[in-house]
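S.K.: Quick one: structure below, then a few questions.
The values are calculated or read from the model by the stated rules, or taken from the named source; none is laboratory data. Being a predicted model, the structure only gives us computed values, none of them experimental. Cβ sites come from the backbone with ideal geometry, for glycine too, and all protein chains shown count toward neighbours.
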Amino acid sequence: MKHILPIIAAVAFSFPALAQTPPANPDPATPSVTSTETPAPAEPAKGANSFTEEQAKSRIAAKGFSDVMGLKKDDDGIWRGKAMKNGASHDVALDYQGNVFPN
């Protein structure tokens, strides 16, 4: 009888651990945040993008682009638009990690 109470307590405290949700990004090849140690991917990473249009413009401008226009978020969560750099027009993309890709 005295062993039943500790068993019930152990079972009761283990249920919250079983109810945990999986990580938002289970693929380590596309971390949710890039850093200087993380190499940029070769193409925009698909995923839920929380950047606003203004934040996307700012990120693209910080990479040396100007006149960022026509930004639209596609079905993969990637901001796509056009921008100028070194006197040439480029298609640009911004993924959910903040990586900027000129096309």
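S.K.: Could you tell me whether any residue of region 73-90 is assigned to a loop (DSSP other than H, G, I, E, B), surrounded by fewer than 13 Cβ atoms within 10 Å (Cβ to Cβ) and under 15 Å from the mean Cα position of the chain (by Cα)?
M.R.: Scanning region 73-90, I find at least one residue that is assigned to a loop (DSSP other than H, G, I, E, B), surrounded by fewer than 13 Cβ atoms within 10 Å (Cβ to Cβ) and under 15 Å from the mean Cα position of the chain (by Cα), so the answer is yes.
S.K.: Going through region 14-49 one residue at a time, which ones are touching a Gly at 6+ places or on another chain (Cβ under 9 Å), loosely packed, with under 14 Cβ neighbours inside 10 Å and either at pLDDT 70 or above or basic (Lys, Arg) (or both)?
M.R.: Ala48, the sole residue that qualifies.
S.K.: Ok, one more. Considering only region 91-103, state which residues are farther than 8 Å from Pro44 by Cβ and not in a strand (DSSP E or B).
M.R.: Tyr96, Gln97, Gly98, Asn103
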